[in-house]
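The values are calculated or read from the model by the stated rules, or taken from the named source; none is laboratory data. Please read these numbers as outputs of a predicted model, since none were measured by experiment. Calculation scope for accessible area: heavy atoms of the full protein, side chains included, ligands and nucleic acids excluded. Shrake-Rupley method; radii C 1.70, N 1.55, O 1.52, S 1.80 Å.
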Amino acid sequence: MALSESDARLKELLREFGPMLSRVAMSYEADAALREDLLQEIVFSIWKALPSFRGQASLKTFVARVAHNRAVDHVMHRQRILDRHTSGEDPAEISGAGDRSLHQQFDLAGAIRRLPLTYRQCVELMLEGFSHAEIGETLALEENAVAQRLRRGRQRLKAMLAKDDAHEH
């Protein structure tokens with residue numbers, strides 16, 4: 001069965017941007033099953049949005065914007081559910097041992113998830129290699145606002161990781 005043009009375009013897009021989309025999902029969702037659901041929601045949202053892509057921004061910026069918008073909706077929905085059913089458990093808690101590098105990646109991902117949303121979005125896009133201008137374009141912000149959010153986000157991340165490291169020792 002032949003792929004339609006839009007399906008072929010989505011397949012190529014996922015080949016190129018799939019790892020970035022996985023990292024976006026990981027930065028917004030700690031639970032593996034919910035993260036997989038979020039990733040599927042992101043892909044579906046991109047598939048629905050592709051016909052509206054007119055090339056005013058790069059494809060990478062367009063994909064990132066759709067992914068982050070969907071992830072924000074996911075977080076807001078999950079927060080409303082958690083607010084209704086507070087369980088006392090930390091949904092961002094990540095346990096595990098083993099490879100220190102992998103543990104550090106989880107520490108960073110967990111710390112990024114704990115950032116306020118405005119900082120989280122900028123930091124995640126920066127980690128994906130977006131320039132300040134591309135982040136501004138993706139999030140509809142001025143470059144100076146992006147620079148300020150990145151500076152504050154990095155400061156908060158540094159403080160959180162230092163605090164987490166101090167608790168380990």
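Heavy-atom accessible surface of Glu142, to the nearest 10 Å², is about 130 Å², with a 1.4 Å probe and all protein chains retained. Restricting the calculation to Cα atoms, region 15-55 shows an Rg/Rh of 1.03 when the hydrodynamic-style radius is the Kirkwood one. Tell me the accessible surface of Ser6 in square angstrom (1.4 angstrom probe, heavy atoms of protein chains only), to the nearest ten. Roughly 50 Å² of Ser6 is accessible to a 1.4 Å probe. Where a Cα-Cα gap under 23 Å defines reach, which lysines qualify for Lys11, not counting those fewer than 8 residues away within the same chain? Straight-distance partners of Lys11: Lys48, Lys60.
When the P(r) of region 8-85 is calculated, the portion above 15 Å amounts to 54% of the C-alpha pairs.
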